[in-house]
Amino acid sequence: MDKLKFFKFCYGIEPEILAEDVIITPFLPLDLFKRYCKVKNEFKGKVYSGFTGERKKEKITVIHSGLGDRLTGDAVLLLGLLPVRNIIFTGACGGLSDLKIGDLVVAESAFNGEGFSRYFDEAADFGKIFD
């Protein structure tokens with residue numbers, strides 16, 4: 001299966017439906033986002049669902065990726081085949097002290113503590129990973 005066919009299988013749409021600006025969320029309901037824009041196209045593929053909408057003449061796509069770094073990572077990789085310009089991830093993070101539900105976390109820097117990008121990175125030293 002070529003990459004474009006795989007994209008269509010996962011997303012259930014033609015790539016032209018997506019906006020250059022995308023929000024990916026693993027668990028927030030899409031209806032929360034629909035309140036703030038006019039929905040133009042909804043989609044539901046075998047893996048991902050979402051919609052493309054418009055707000056103040058700006059087009060944006062919101063994608064529900066499902067939980068886990070692998071689902072979100074694959075969603076981002078497939079978007080890399082398209083002219084997507086910006087991706088914003090809205091989700092949750094754990095293990096941070098002194099935070100309350102509803103606090104907004106904006107990172108100045110990050111380190112890779114999950115598995116998806118570590119294994120995807122071509123420069124990954126699998127010897128270090130397995131040791």
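When you count, for each residue, the other Cβ atoms within 10 Å and take the mean per peptide, how do 33-45, 9-21 rank with the highest first?
Values: 33-45: 13.8, 9-21: 16.5.
Sorting 33-45, 9-21 by mean packing, highest first, produces 9-21, 33-45.
Legend: residue pairs K8/K59; K5/K40; K34/K57; K46/K100; K3/K57, Cα-Cα distance threshold 27 Å; pairs beyond threshold, K46/K100; K3/K57. Averaged over its residues, the stretch 1-107 has an accessible area of 67 Å² per residue, based on protein heavy atoms and a 1.4 Å probe. Coupling constants for the stretch 8-18 follow from the phi torsions by the Karplus curve (6.51 cos²θ - 1.76 cosθ + 1.60, θ = phi - 60°), and in residue order they are 4, 5, 6, 9, x, 9, 7, x, 5, 5, 6 Hz; glycine and proline get x. Sequence-ordered 3J(HN,Hα) estimates for the stretch 26-32 from the Karplus curve with 6.51, -1.76 and 1.60 and θ = phi - 60° stand at x, 9, 5, x, 4, 4, 4 Hz, glycine and proline given as x. In this structure, the amide hydrogen of N41, modeled 1.01 Å from its nitrogen in the peptide plane, lies closer than 5 angstrom to those of T52, counting only residues at least 5 positions away or on a different chain. Each peptide in 57-66, 22-31 receives the mean, over its residues, of other Cβ atoms within 10 Å, and ordering these scores from highest gives 57-66, 22-31.
The values are calculated or read from the model by the stated rules, or taken from the named source; none is laboratory data. Just so it is clear, the structure is predicted and the values come from calculations on it, not from any experiment. When we count neighbours, we look across all protein chains shown, and the Cβ atoms used for this are built from the backbone with ideal geometry, even at glycine. Please note that ligands, DNA and RNA were not included when accessible areas were found on the heavy atoms of the full protein model with its side chains. Shrake-Rupley method; radii C 1.70, N 1.55, O 1.52, S 1.80 Å.
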